[in-house]
Every structure is written in structure tokens, then in C-alpha cells.
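These notes are about the structure you will find just below.
The values are calculated or read from the model by the stated rules, or taken from the named source; none is laboratory data. The structure presented is a predicted model; accordingly, all values stated were derived computationally and were not measured. Cβ placement follows ideal geometry from the backbone for every residue including glycine, while neighbour counts extend to all protein chains displayed. Ligands, DNA and RNA are stripped out before the accessible areas are found, and what is left, the full protein with its side chains, is counted by its heavy atoms. Shrake-Rupley method; radii C 1.70, N 1.55, O 1.52, S 1.80 Å.
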Amino acid sequence: MTSFFSRIRSGLAKTAKQIREVLGAAPDTAASDVPAGSPRAPKAFESLDAVEEALIAADVGLPATGRIIDAVRADRQGSIKDRVSREMLRVLRDVPPAPNGAVRPRVILVVGVNGTGKTTTVGKLANLLQTSGQSTMVCAADTFRAAAVEQLAVWAQRAGVDLIRAQSGADPAAVTFDAVTAAKARGRDVVLVDTAGRLHTRTNLMAELDKIRRVVAKVVEGAPHEVLLVLDATVGQNGLVQAREFMAASGANGIVLTKLDGTAKGGVAVAIAHELRLPIRYIGVGEAIDDLVPFDAAAYVDAIFGEK
Ligand code: GDP
């Protein structure tokens, strides 16, 4: 677990640096709010204006920032930093719990727009689950991108898991049916399905996701058990509109936020939780196979306001 914490911290280093830059280097000592425009020109956690600016700069977004600032004003317990951290944690936790269930195999669809890191995420997640003792199988249902299938084959091999794939252009729902049936027959714990990610404006993509959902429901009770929407943190707030549309069409019930290591906009996790009301399940903090970390809200808040 220690390594997860250090990964979250290093993955959020750019965001933490950005926040520190706005807040300045002053220590977190003030317990009282200094009014805006005061001659002391306070930085750090002395001024709510500075905090607001820092949150917006980190892409927490106006609605979530507003909620945090309002709560900090109403809450008089502890330093401003403590109050900001507390409310940020509340926002992140104010989402439905991740779906849980004992049904095996657990079917997880991974959805999202091409380029967000979907295939990489499937590979990393297969590795994470497999190494944590859950026998995993992956399914290449993005049958229109031969390169994506090849890429997934490489990841599957590295993770030491079976891959079910089909001929290029095959029906994605048929491949998924085969994969879930095989996973059931082989007694696997989890099946990860890498779905196609053409643009959300294509109604055929939505129809395809719907068909995949119906097909897996016939093989395993309650499937798909999780639909993880992959979002690219470097896109920040701009990804939210697209995310909302994808969410509605795919029935996503969890988020994977990728490329946090490459951005100072890591505050977008808070915006996502606040605006999409979905739990962030995993975060991507690099390109290597072990650079996917289960999301931990407390560790995230701690990393954002990290001291160094
Ligand atoms: P897909 O089109 O959504 O399947 O995207 P890919 O899985 O092919 O990933 C697109 C690019 O993003 C690749 O170059 C990945 O290495 C990179 N990528 C994915 N996740 C992360 C991450 O967490 N951090 C960084 N730095 N790069 C990532």
C-alpha cells in the first residue's frame, strides 16, 4: 500500500506544484480568514481568494470550487487548509459506492473515447487484478482498430492473462459473448472488455455498447457489473461534456482518470466527482504496466496539498 501512496503523490506532483505556486510558500498556520484586498496581501491558506484561485487553476472547476469555498466559510473548525481538505474529501466521497457483488466472473466494460488511454488501462488493470490474486481475462472488443488489438495482446502477455480476440471487423458483441462464456467455463474471476471508442456522436457506437450490455447479461447474472469510463486528465474540464454523453449511453458507473502524471490539472478529479457523481475507481499515473492505482480519496487530497 505504501507504494500506492507514493505513486499517487508522484502522479499528482505537477498539480501539487501548481497549487503551491498559487498559494505561495507561506506556512499553514492561519486559523482566521484575512479579507480579500487586505494590505498584507496574504497568500497560502490565509486567504480564501487565494485558495479559490488555486483550486480553479488546478481545474477543480467553478461548481466544486464554489461548494468548497462555501463550506470553508461555514466551517470554523481548524485551519483553512484543514477545512478545504475536509470538504474536498466530502465532495470525492459524495458519490454512489462502487458496485460490489460476488458473482463470478465479474464483467467489467471499459469505455471511452479513443486516445484517452483505454487500451493501456485495460492492460494495466488486468495486471493489477491478476497480481492481486483475481484471475483475469481480457477481451478485445474494439474490432475495428487492428492496432488496438495488437497493443492489447502485448499488454495481456505482459500481465500473464488470456486474451480473447476475433478477426478484424467481427461483431464486437459476438467476441464479447465468446470471452465471457470462456471466462465462465474456465472459472475466471474477472473479464475486462476493451470496447471501441469512436466519437460519441456516432449512434452506431452507442448501439454497439448497448448490444454488448445485452449479450453479457445473458451469460452472467447482473453483467456488466462495472462500466468504467476512461477520462484523460490532461483534457481537464473540457472532457466533462463528452463524459456526460458517454455516461448516459454506456451506463458508466465508475471512472478511470488517466495521465494524471502529465498534467497540473489533477483537480479535475474533484470536478468529475462533483459533476458526474460517479466514483473514481482508478487513476493512471504513467505509461508502465504498474502505473494504475486504485483511487484513494484521502491519499489524493493529501497529495494535492503535499508539502514538497
Ligand atoms: P486508447 O486509444 O484510448 O485505447 O488509448 P491508448 O491506451 O492507446 O493510450 C494513448 C496514449 O496514452 C498512449 O501513448 C499511452 O501510453 C498513454 N497513456 C495512457 N495512460 C497513461 C497515463 O496514465 N499516463 C501517461 N503519461 N500516459 C498514458
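Only one of 243, 166, 233, 153 is hydrophobic (A, V, I, L, M, F, W, C), more than 20 Å from the chain's Cα centre (by Cα) and crowded, with 16+ Cβ neighbours inside 10 Å. Can you tell me which?
On the way: 243 fails: more than 20 Å from the chain's Cα centre (by Cα); 233 fails: more than 20 Å from the chain's Cα centre (by Cα); 153 fails: crowded, with 16+ Cβ neighbours inside 10 Å.
Of the residues listed, the single one that is hydrophobic (A, V, I, L, M, F, W, C), more than 20 Å from the chain's Cα centre (by Cα) and crowded, with 16+ Cβ neighbours inside 10 Å is 166.
I need the strands (runs of 3 or more DSSP E) fully contained in region 118-229, keeping only those with at least 3 residues that are over 29 Å from residue 272 (Cβ atoms).
Passing ranges, in order: 162-164.
For region 246-308, please list each of the strands (runs of 3 or more DSSP E) lying entirely inside it that holds at least 2 residues being open to solvent by 10 Å² or more (accessible area, probe 1.4 Å).
Fully inside region 246-308 and qualifying: 280-284.
Out of 107, 122, I need the residue that is within 21 Å of the chain's Cα centre (by Cα), within 30 Å of residue 173 (Cβ to Cβ), away from the ligand (no atom under 13 Å from the Cβ) and open to solvent by less than 10 Å² (accessible area, probe 1.4 Å). Which one? Break it down into steps so the answer makes sense when it comes.
Values: 122 fails: away from the ligand (no atom under 13 Å from the Cβ).
That would be 107, the only listed residue that is within 21 Å of the chain's Cα centre (by Cα), within 30 Å of residue 173 (Cβ to Cβ), away from the ligand (no atom under 13 Å from the Cβ) and open to solvent by less than 10 Å² (accessible area, probe 1.4 Å).
Which pairs have Cβ atoms under 9 Å, sit 6 or more apart or on different chains, and link a residue in region 138-149 that is among the acidic types (Asp, Glu) to one that is not in a loop (DSSP other than H, G, I, E, B)?
The qualifying pairs are 142/118; 142/119; 142/148; 142/149; 142/152; 142/172; 142/194.
Considering each residue of region 59-93, count those that are farther than 18 Å from residue 229 by Cβ and in a loop (DSSP other than H, G, I, E, B), and give that number.
Here the count works out to 6.
Give region 1-58 a look and list any residue that's within 27 Å of residue 291 (Cα to Cα), at pLDDT below 85 and in a loop (DSSP other than H, G, I, E, B), or say none.
Result: 1, single match.
Going by the conditions given, is residue 222 in contact (Cβ under 8 Å) with a residue 40 or more places away in the chain, away from the ligand (no atom under 16 Å from the Cβ) and more than 20 Å from residue 112 (Cα to Cα)?
When the stated conditions are applied, residue 222 passes them.
Do the conditions hold for residue 114, that is, is it out of contact with any Leu (no Cβ under 6 Å at 6 or more places or on another chain), farther than 19 Å from residue 255 by Cβ and within 16 Å of the ligand (Cβ to nearest atom)?
For residue 114, the condition - out of contact with any Leu (no Cβ under 6 Å at 6 or more places or on another chain), farther than 19 Å from residue 255 by Cβ and within 16 Å of the ligand (Cβ to nearest atom) - is not met.
Go through region 70-94 and report how many residues are aliphatic (A, V, I, L, M), open to solvent by less than 30 Å² (accessible area, probe 1.4 Å) and either within 20 Å of the chain's Cα centre (by Cα) or farther than 24 Å from residue 278 by Cα (or both).
4
Failed condition for residue 189, given (1) closer than 19 Å to residue 156 by Cβ; (2) surrounded by 18 or more Cβ atoms within 10 Å (Cβ to Cβ), with all others met?
(2)
Looking at (1) among the β-branched types (Val, Ile, Thr); (2) within 13 Å of the ligand (Cβ to nearest atom); (3) crowded, with 24+ Cβ neighbours inside 10 Å, which one does residue 60 not meet, given that it meets all the others?
Residue 60 satisfies all of (1) among the β-branched types (Val, Ile, Thr); (2) within 13 Å of the ligand (Cβ to nearest atom); (3) crowded, with 24+ Cβ neighbours inside 10 Å except (2).
Only one of (1) more than 22 Å from the chain's Cα centre (by Cα); (2) surrounded by 15 or more Cβ atoms within 10 Å (Cβ to Cβ) fails for residue 195. Which number is that?
Result: residue 195 passes all but (1).
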